[in-house]
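Worksheet: the structure to be examined is printed underneath.
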Amino acid sequence: MADRLSLTSSSMASLGTAAAASRLLPSATRARLSLSSSSSSPSLSLSSSSSIASVKVLRSSPLLSHLFLHQKRSSIHASSGGFSSVAAPKSFASDPDQLKSAREDIKELLKTSFCHPILVRLGWHDSGTYDKNIEEWPQRGGANGSLRFEIELKHAANAGLVNALKLLQPIKEKYSSVTYADLFQLASATAVEEAGGPKIPMIYGRVDVSGPEQCPEEGKLPDAGPPSPASHLRDVFYRMGLSDKEIVALSGAHTLGRSRPERSGWGKPETKYTKDGPGAPGGHSWTVQWLKFDNSYFKDIKERRDEDLLVLPTDAALFEDPSFKVYAEKYAEDQETFFKDYAEAHAKLSNLGAKFDPAEGFSLDDGPTKPAPEKFVAAKYSSGKRELSDTMKQKIRAEYEAVGGSPDKPLQSELFSKYHDCDCCFGTFDISARKLNWFF
Ligand code: HEM
């Protein structure tokens with residue numbers, strides 16, 4: 001039974017047009033919808049060849065959530081019910097062959113719509129809600145596809161991202177055995193690579209959350225203009241288990257794209273670099289060639305040569321804070337180091353909070369299925385003295401926490417032997433307890 005869906009109300013306006021909303025539905029489940037906007041509680045009616053249903057759409061009712069929830073259910077059905085052209089291996093969240101085909105479709109999409117930046121932002125905003133202090137999935141947030149639900153799309157930090165979702169939705173419909181969580185991260189990594197950036201050592205197999213009630217609460221992503229930008233960045237990114245180096249490297253993604261005042265409130269409506277597009281014109285870019293991934297973000301912030309190039313307070317902090325500055329200066333000078341650090345940090349960001357099926361994930365490329373995580377090598381911070389500077393303490397702590405260590409929780413033994421690579425830790429490691437003794 002192939003029902004047909006059309007939306008005839010402006011209630012979707014903030015999230016896109018009726019036609020676009022219709023496209024968000026899987027073709028197999030399209031039904032006819034009509035929505036009266038004359039009432040303060042518009043009513044939504046659904047008609048099919050066999051039935052007509054009327055549903056009250058409450059103001060708080062996440063219409064898109066229903067659509068995407070539906071989409072998810074349909075996908076499960078499709079992969080187990082035989083609609084899918086390639087059968088998914090039973091235990092994998094996403095099908096590797098479908099992921100590879102989806103990657104080719106994303107490349108085509110990029111060629112025609114120049115949407116590289118917004119796809120990168122989409123991937124980051126799905127994973128950047130992660131909280132390393134919460135063990136349970138999906139309560140810990142992260143790369144789990146929750147950003148497809150209206151309730152999360154409506155978070156202020158996500159303004160405009162529904163457009164990225166609309167671009168990807170036809171690809172999602174074509175490849176029903178690819179999860180949203182994988183699709184978002186695949187699209188982001190492909191966009192960086194196609195824009196001339198480094199190859200990202202990605203793994204796949206992310207499991208999707210199933211409903212909007214599993215979305216993270218609002219307020220997990222960073223603000224662009226907090227009272228104290230450097231400490232705000234540390235608060236947010238340390239919560240994700242990321243380090244100063246990773247904060248600076250990842251900020252370099254602003255080499256791509258534009259800020260739009262009607263979305264985030266930041267930047268000019270247009271500049272000499274954006275008034276003619278490509279893609280939708282307007283916005284305020286950080287760099288001159290804002291569809292090219294290189295280290296010009298760091299060069300341009302350092303020089304501050306042009307008012308038509310954006311510098312958010314959090315961007316400026318990278319050259320003001322003494323610890324961030326070491327990396328920002330390095331990346332402005334040395335694109336190779338930026339690319340290497342960015343690729344590692346991006347891969348790590350893309351995995352935050354994710355539940356993988358199979359548990360170790362899988363690569364789409366030849367070679368090792370999983371990149372070796374960076375080792376925690378305390379010795380590299382040692383000056384041979386017992387006393388460490390506050391900055392060094394901060395770094396050690398961030399790196400140790402980034403691999404799952406905490407004052408109360410020993411590292412898993414396997415991880416401990418992997419990361420513990422030092423005989424001179426100022427008495428900071430308790431080998432038998434597999435713990436860093438917190439001396440700060
Ligand atoms: C460090 C903290 C960060 C802050 C405060 C921040 C803030 C912002 C803001 C205000 C915008 C403009 C959004 C709009 O008006 O449409 C933006 C865009 C963007 N952000 Fe960030 N961001 C941060 C980190 C990141 C990271 C870690 C990445 C990726 C790894 C990233 C990738 C992007 C991209 C690619 C765009 C351009 C989107 C477009 O052109 O549509 N950002 N960011």
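The values are calculated or read from the model by the stated rules, or taken from the named source; none is laboratory data. Values in this document were obtained by computation on a predicted structure and should not be read as measured data. Note that each Cβ is placed from the backbone with ideal geometry, even for glycine, and that neighbours are counted across all protein chains shown.
Among the criteria (1) closer than 27 Å to Lys154 by Cβ; (2) away from the ligand (no atom under 12 Å from the Cβ); (3) not in a loop (DSSP other than H, G, I, E, B), the one Ile247 does not fulfil is (2). Taking the conditions exactly as written (crowded, with 20+ Cβ neighbours inside 10 Å, charged (D, E, K, R) and in contact with a Gly (Cβ under 9 Å, 6 or more places away or on another chain)), does Asp341 satisfy them or not? Yes.
Flag set for Glu217, criterion: of a type in the set (D, E, K, R), part of a loop (DSSP other than H, G, I, E, B) and more than 12 Å from the ligand (Cβ to nearest atom). Just to be sure, is Gly283 crowded, with 24+ Cβ neighbours inside 10 Å and either farther than 26 Å from Phe338 by Cα or near the ligand (Cβ under 8 Å from one of its atoms) (or both)? Criteria met by Gly283.
Scanning segment 287-314 for residues that are surrounded by fewer than 20 Cβ atoms within 10 Å (Cβ to Cβ), part of a helix (DSSP H, G or I) and within 13 Å of the ligand (Cβ to nearest atom) returns a single hit, Pro313.
Looking at segment 95-129, which of its residues are away from the ligand (no atom under 12 Å from the Cβ) and part of a loop (DSSP other than H, G, I, E, B)? Selection gives Asp95, Thr129.
Restricting the search to segment 94-124, which residues are over 27 Å from Asp276 (Cα atoms) and touching a helix residue (DSSP H, G or I) at 6+ places or on another chain (Cβ under 7 Å)? Residues satisfying the conditions are Ser94, Leu99, Ala102, Arg103. Does segment 233-242 contain at least one residue that is of a type in the set (Phe, Trp, Tyr), crowded, with 18+ Cβ neighbours inside 10 Å, more than 27 Å from Asp321 (Cβ to Cβ) and at pLDDT 95 or above? There is no residue in segment 233-242 that is of a type in the set (Phe, Trp, Tyr), crowded, with 18+ Cβ neighbours inside 10 Å, more than 27 Å from Asp321 (Cβ to Cβ) and at pLDDT 95 or above. Only one of the listed residues (Ala230, Ala253) is closer than 13 Å to Leu318 by Cβ and more than 8 Å from the ligand (Cβ to nearest atom). That residue is Ala230. Listed conditions (1) within 16 Å of the ligand (Cβ to nearest atom); (2) modelled with pLDDT under 95 are all met by Ser85, apart from (1). Residues in segment 265-278 that are near the ligand (Cβ under 9 Å from one of its atoms) and either assigned to a strand (DSSP E or B) or surrounded by fewer than 20 Cβ atoms within 10 Å (Cβ to Cβ) (or both): Gly265, Trp266.
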